[in-house]
1. Of everything in the stretch 202-229, what is outside any loop (DSSP other than H, G, I, E, B) and over 22 Å from Ala160 (Cβ atoms)? Give them in sequence order.
2. Return only the number of the condition from (1) under 17 Å from the mean Cα position of the chain (by Cα); (2) more than 30 Å from Lys145 (Cα to Cα); (3) not hydrophobic (A, V, I, L, M, F, W, C) that Lys57 does not satisfy.
3. Condition test on Ala174, is it under 19 Å from Gly98 (Cβ atoms) and over 21 Å from the mean Cα position of the chain (by Cα)?
4. If a residue must be buried (at least 18 other Cβ atoms within 10 Å of the Cβ) and farther than 24 Å from Ile220 by Cα, how many such residues does the stretch 73-88 contain?
5. I'd like the full set of residues that are of a type in the set (A, V, I, L, M, F, W, C), over 16 Å from Val106 (Cα atoms) and surrounded by fewer than 15 Cβ atoms within 10 Å (Cβ to Cβ), limited to the stretch 155-197.
6. If you scan the stretch 44-63, which residues turn out to be open to solvent by 50 Å² or more (accessible area, probe 1.4 Å) and in a helix (DSSP H, G or I)?
7. How many residues are in a loop (DSSP other than H, G, I, E, B), farther than 17 Å from Ala155 by Cβ and of a type in the set (A, V, I, L, M) when one looks only at the stretch 167-201?
8. Scanning the stretch 198-218 for residues that are of a type outside the set (Val, Ile, Thr) and open to solvent by less than 10 Å² (accessible area, probe 1.4 Å), which turns out nearest to Leu24 (Cα to Cα)?
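The values are calculated or read from the model by the stated rules, or taken from the named source; none is laboratory data. Computed from a prediction, not measured in an experiment: that's the story for all the values here. Reconstructed Cβ throughout: ideal geometry from the backbone, glycine too, with neighbour counts over all protein chains shown. Accessible surface is based on the protein model in full, side chains and every heavy atom, while ligands, DNA and RNA are left aside. Shrake-Rupley method; radii C 1.70, N 1.55, O 1.52, S 1.80 Å.
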Amino acid sequence: MAASPDHRPRVAAQRRESMRARLLDAGLATIVARGVAGTSIDEIISTAQVSRGTFYKYFDSVTGLAAHLAHDLAQEIGLVLDPLVTEQPDPALRVAVGSRMMLHFVRQHPAIGGVIVKSGWPDVDDSHLFFEVVRRDIALGIRLKRFEPMPLDVAVNMVAGVLLGGMQSMVVGAARNYPEQATLRLLRALGVSAAEAARLSATRLPRPVLPHEGIVARAIARAAAPPDP
């Protein structure tokens, strides 16, 4: 008789992931309301109904939890947006569409943008989906002579800087056409002509379909919920 498979490692991994999500959701609830600086470990563990020791098994600080939270939020958003970006054969249009969609998303959901920005995303982890897709599209643009030749890291950091600064502007309330203006200037910096950059920055955007579950869905629901009495 064949031995029964040992399900314990899988069950243990599921429990760890469930507890991590529980702590992230508790952190999300307090960070959306108070910001990273105004959130304490005590508030998080009280909301999650876990011990301080359990918190430290997963995160070393509120700042550490916030960084993971921002990473997961941005990763989920990227997974939604990237298929719409890669529909475009032109790498310059990919950069324009991706940048504008990200900035418009944050305008629509400023609480999520606030968590991402205040946590310092994107950080130095260049394995993040953001860096992967931007590096892919910039490299293609340089190869096809859509962008000026330049070190890839310089170009990626240009995009990251414009988006992070743009998200901060969306959170505090920038002009309505800010995403288009920021994208136009980014394309110009990459070497696209003025007329072409203006055209690409005004192209009609596809409509993203957000997931019905996951950290982004829970963040949107949390931001829309009435404040606790």
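1. Once the filter is applied, which keeps residues that are outside any loop (DSSP other than H, G, I, E, B) and over 22 Å from Ala160 (Cβ atoms), the stretch 202-229 yields Ala217, Arg218, Ile220, Ala221, Arg222, Ala223, Ala224.
2. (1)
3. On the way: under 19 Å from Gly98 (Cβ atoms): yes; over 21 Å from the mean Cα position of the chain (by Cα): no.
No: the conditions fail for Ala174.
4. The qualifying residues number 1.
5. Result: Ala194, Ala195.
6. Hits for the stretch 44-63 are Ser46, Thr47, Arg52, Tyr56, Lys57, Tyr58, Thr63.
7. 2
8. Among those residues, the one meeting the criterion is Ser201.
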